[in-house]
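Structure first, then comments.
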Amino acid sequence: MKHETEFVIRLGLSDRYRHKHIRGRGKIVYFRIQYETMIEEKWYPVARYDTAHGFAHRDLMNIKGEAVKTPLFIQDYNDALTFAENDLK
């Protein structure tokens, strides 16, 4: 059975942290966490960690929405999620 957790934490008037992970059999099987900032009343992603494309990685976005992808050399998704949470908070 899989358990999904999703929440948003406001970090100030113009910053927030979005978090989603799915756990199956006690292990993280998917995650996506993202730091966002508000510019002119619109939320923009700045940094995102996720497991899309089958591996844990970080995307750093510019104002155009273009991403620079950096793989995390952490195979265990539990450890990768902990690393990502600590980096963005």
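Values in this text are rule-based calculations from the coordinates and carry no lab data. Note that the coordinates shown come from a computational prediction; the quantities given were computed from them, not determined experimentally. Cβ placement follows ideal geometry from the backbone for every residue including glycine, while neighbour counts extend to all protein chains displayed.
Here are a few things to note about the model shown:
- Placing dummy labels 7 Å off each Cα toward the beta-carbon, the span from Asn86 to Asn62 is 3.1 nm.
- Within the chain, helix-based [θ] at 222 nm, where runs of 4 or more DSSP H residues each add -39,500 (n - 2.57), nearest 500: -4000 deg cm²/dmol
- Sparsely packed chymotrypsin sites (Phe, Trp or Tyr not before Pro) within the chain, loop by DSSP, other Cβ within 10 Å at most 14: Phe73
- Under the Karplus curve 6.51 cos²θ - 1.76 cosθ + 1.60, θ = phi - 60°, whole-Hz ³J(HN,Hα) for segment 71-82, x wherever Gly or Pro sits: x, 8, 8, 10, 6, 7, 5, 4, 5, 5, 5, 4
- Charged neighbours of Pro45, selected by a Cβ distance under 14 Å, balance to +4 (K, R count +1; D, E count -1).
- Using θ = phi - 60° and Karplus 6.51 cos²θ - 1.76 cosθ + 1.60, couplings along segment 10-21 (whole Hz; Gly, Pro as x): 6, 9, x, 5, 10, 9, 8, 10, 10, 9, 8, 8
- Distance in nm between pseudo-label sites at Tyr17 and Thr70 (7 Å out along the Cβ direction from Cα): 1.8 nm
- Less than 5 angstrom separates the built amide H of Thr51 from those of Phe31, all sequence-distant by 5 or more or on a different chain.
- Qualifying GluC sites (Glu not before Pro) for segment 20-89 [loop in DSSP, other Cβ within 10 Å: at most 14]: Glu40, Glu41, Glu66
- Read-out volume of the Cα convex hull per residue in Å³, derived from the coordinates shown; its label in (1) 134; (2) 112; (3) 93: (3)
- Under a 5 Å amide H cut-off, with hydrogens placed 1.01 Å from N, Asp15 pairs with Met38 among residues at least 5 apart or on other chains.
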